[in-house]
Amino acid sequence: MTRLLKEISASDPLSIAEQKLIIDTAIKENKERPGAVMLVLNEVQGKIGHVSPPMQVYIAHKLNVPLGQVHGVVTFYSFFKTKPRGKHTIKFCLGTACYVAGVPQLIEKAKQMLDIDLGETTPDGEITLEECRCVGACSQAPVVVVDEEVQGKLKPNKFPQVLKKVQKPS
Ligand code: FES
């Protein structure tokens, strides 16, 4: 445990006093409650935005539960992220209608333009690319969700405009 804490990167929330305090408080407040693992993970995800692998080890250790239990919850629910997300999120609907209507080509375009993969964030911390399930706008396929806004009937040649809008200085 001590070895792990020495090895974590300087950008991990465990290395940042304010964020570590959030984790420790969540653990302290929920440790004795039933469903403590889920309660702590929810709190940490909500306040910090992700639960990195070192955070999972730390939480498991402090709650005195096997790491597999914490890791199992984090990987089972898509709500939990293991890496920090960017300021903006672009999600690609992988539902059948969108898939057939050309979402794979949109994803390719995005990956090419940003030079990152799905699930990754641009090095400047601005944009995260993610996949999502059907958002109920199948008649608008292919659909992407930019932050919370659904954009339909999107063709790869229009994707640069989507990006431009997101990247404009606010
Ligand atoms: S399949 Fe994409 S919105 Fe339904």
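For the subset of the stretch 76-91 comprising residues that are under 14 Å from Leu163 (Cβ atoms) and not in a strand (DSSP E or B), which member is least open to solvent (accessible area, probe 1.4 Å)? Once the filter is applied, the top-ranked residue is Gly86.
Checking each residue in the stretch 57-90 for being farther than 22 Å from Lys47 by Cβ and either touching a strand residue (DSSP E or B) at 6+ places or on another chain (Cβ under 9 Å) or at pLDDT below 95 (or both) picks out only Ile90. Applying the condition of being of a type in the set (S, T, N, Q) and open to solvent by 70 Å² or more (accessible area, probe 1.4 Å) to the stretch 119-151 and asking which residue is farthest from Val162 (Cα to Cα) yields Ser139. Among the residues of the stretch 95-118, those that are open to solvent by 60 Å² or more (accessible area, probe 1.4 Å), within 15 Å of the ligand (Cβ to nearest atom) and either part of a loop (DSSP other than H, G, I, E, B) or among the polar types (S, T, N, Q) (or both) comprise Thr96, Gln105.
If I filter the stretch 159-170 for residues that are closer than 19 Å to Pro84 by Cα and within 13 Å of the ligand (Cβ to nearest atom), do I get at least one hit? There is no residue in the stretch 159-170 that is closer than 19 Å to Pro84 by Cα and within 13 Å of the ligand (Cβ to nearest atom).
The values are calculated or read from the model by the stated rules, or taken from the named source; none is laboratory data. Here the structure is a predicted model, which means the values were calculated and not measured. Here the Cβ is made from the backbone with ideal geometry for all residues, glycine too, and neighbour counts use every protein chain on show. SASA here: full protein model, heavy atoms, side chains in, ligands and nucleic acids out. Shrake-Rupley method; radii C 1.70, N 1.55, O 1.52, S 1.80 Å.
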